[in-house]
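Read through the structure below, which is laid out as structure tokens, and then see the notes.
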Amino acid sequence: MRSSCTWKVAEVVSCCRFLNKSFGYQVIMFRCAFLILFLALGNELHLSHGTEVSVNNTENKLCLYANLMVNFSVTYEVGVNKNETVIFVLPENVTTEGSTCDNTTSTLKLSFGDGHSWTVEFTKKNKTYQVDTIVFSYNLNDSSVFPNSTSKETKFVTVKSIITNVSVDTYYSCKSENVLTVESVIQTLYDVALQAFVINGSKSDTDTVCSADMTSTTVAPTTTVTSTAAPTSTPTLPTPTTGKYSIAPDVNSTACLMATFGLQIGYKQGDKEETINLVPNMTKLGGACGANSSNLILTSDTITITFTFSNDGKKFHLHALNVTVKPATGDPVVAVNTNMSIWAAAVGSSYMCNKEQTLNVTDTLTLYTFELRVQPFEVNKGEFATAEDCQDDTTESWLVPIAVGVALTLLVLIVLVAYFIGRKRNQGTGYEHF
């Protein structure tokens with residue numbers, strides 16, 4: 001009879017005990033110990049993925065089609081003057097209940113999770129159609145997405161879309177990012193294929209390409225490419241230009257967030273590694289300031305990056321990064337990390353690091369910063385406050401690898417001790433039966 005184990009740490013232990021009784025101590029326990037360590041130290045990897053849906057009309061013919069990726073960044077209240085920011089993606093598994101198709105209007109409604117939905121309203125006029133609005137609703141009572149939320153209500157965010165003049169009997173195609181920001185919600189759309197008012201129940205093979213894709217295909221990004229078969233060193237691009245960025249609540253106000261830095265991104269695409277510089281004078285600026293959470297959004301033809309800063313009333317830090325790189329060929333490279341605690345300094349001061357810093361966002365994307373200085377809270381008179389320097393960052397960055405090294409060393413010692421104890425027991429048993 002074949003037995004099976006569900007591979008959680010506690011259950012692996014039980015499974016190992018069963019195998020030990022059946023097959024012997026030393027080999028089984030040695031392998032199980034390393035399996036337990038692998039599971040204990042393993043990180044859950046969240047990857048952006050496509051959501052593909054089809055909607056049929058009353059005649060059971062295709063009338064709406066969508067295949068796209070959407071990232072959400074939502075800042076919500078968790079206490080008095082205290083906010084948190086979460087970043088999540090539109091999942092693969094959604095329902096389309098509430099979607100409708102008509103001759104001149106159509107609605108695509110994608111529901112997911114515990115009371116969340118993303119709705120697109122289409123209208124058709126003559127030989128073209130467009131997206132009028134996108135409505136995102138999110139349920140703050142869903143503690144799995146919004147832990148410790150003080151509000152339990154469902155909120156709605158409506159944005160006007162830039163998807164217009166799509167020819168009938170074609171699908172809208174846009175691999176480039178489209179960032180939609182309203183108050184505390186940022187929606188990032190990319191790798192989008194949408195078709196409404198489908199004719200004869202068959203998706204069209206002809207596309208209407210967004211202007212951003214047409215622009216990006218004519219402007220070659222500054223990249224260097226090296227094969228991963230050969231050893232790679234630091235990026236070979238020149239040091240990026242230092243950009244100066246500031247966010248103000250309105251045109252009549254002084255800055256509430258300030259940042260200066262040069263930015264270089266290294267990323268993996270298939271079996272190649274590439275690097276690209278952010279060019280400040282070709283970058284659009286966006287973002288928002290809050291009491292406990294602030295965002296800085298930088299968008300160019302090839303890069304979109306969102307920095308999310310948080311503060312606990314005493315210190316601020318970079319809490320999350322959402323990076324998308326659009327290569328000249330191939331699919332966009334997306335990296336999201338919502339569990340960061342770097343660039344920390346006291347609220348009311350700025351953080352500064354003139355030396356080059358390397359920040360591994362994910363296994364496939366790395367940021368390199370140069371001449372960095374940021375102040376996301378309590379900026380006075382549009383000027384940086386006294387800076388806290390990064391000279392101690394290097395020491396702190398060694399803590400995690402040192403801890404992992406110690407854990408591995410202890411595990412090896414435990415395995416060796418267990419091996420010799422088991423061997424001694426077997427030898428003792430042999431003497432008793434001599």
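The values are calculated or read from the model by the stated rules, or taken from the named source; none is laboratory data. The structure displayed is predicted, hence computed values, not measured ones. Note: ideal-geometry Cβ built from the backbone for every residue, glycine included; neighbour counts use all protein chains shown. Note: areas computed on protein heavy atoms with side chains; ligands, DNA, RNA excluded. Shrake-Rupley method; radii C 1.70, N 1.55, O 1.52, S 1.80 Å.
Within the accessible surface of the range 51-209, defined with a 1.4 Å probe on protein heavy atoms only, the carbon and sulfur portion equals 42 percent. Neighbours of Thr299 by Cβ distance under 9 Å: Lys/Arg scored +1, Asp/Glu scored -1, total -1. Within the range 287-377, the proportion of C-alpha pairs whose separation exceeds 23 Å stands at 24%. Each residue was assigned an accessible area with a 1.4 Å probe, and for Thr254 the value is about 90 Å². Of interest is the spacing of the C-alpha centroids, which for the range 234-307 and the range 312-349 amounts to 10 Å. Computed extension gain for Ala291 through Lys314, at 0.36 nm per residue and net of the alpha carbon distance, reaches 7.1 nm. FRET efficiency for the pair Ala344 and Ser202, taken as 1/(1 + (r/R0)^6) with r the Cβ-Cβ distance and R0 = 41 Å, rounds to 0.15. Around the amide H of Tyr171, modelled in the peptide plane, lie the amide H atoms of Thr206, Asp207, Thr208, all under 5 Å away and 5 or more residues distant in sequence or on another chain. Per the Kirkwood formula applied to alpha carbons, the range 243-394 shows a radius of gyration over Rh ratio, Rg over Rh, of 0.96.
Only protein atoms count toward the accessible area here, which uses a 1.4 Å probe; on the range 243-394, the carbon and sulfur part of that area reaches 45 percent. Dividing the mean sequence gap of close Cα pairs (under 8 Å, 6+ apart) by how many residues the range 272-337 holds gives a relative contact order of 20 percent. Solvent-accessible area per residue in the range 243-394 equals 43 Å², computed with a 1.4 angstrom probe and all protein chains kept.
Any chance you could count the Lys pairs in the range 51-209 whose alpha carbons are under 20 Å apart, treating pairs 8 or more apart or on different chains as valid? Going through the range 51-209 pair by pair, I get 16.
Could you list log10 I(q)/I(0) for the range 51-209 at q = 0.10, 0.11, 0.17 Å⁻¹, which the Debye formula gives when each Cα is one point scatterer? Taken in order of the listed q values, log10 I(q)/I(0) reads -0.38, -0.45, -0.97.
From most to least packed by mean Cβ count within 10 Å, the peptides 50-62, 335-347 give 335-347, 50-62. Placing a label point 7 Å from the Cα of Thr236 along the Cα-to-Cβ direction, the residues of the range 268-303 with a backbone N closer than 19 Å are 268-278.
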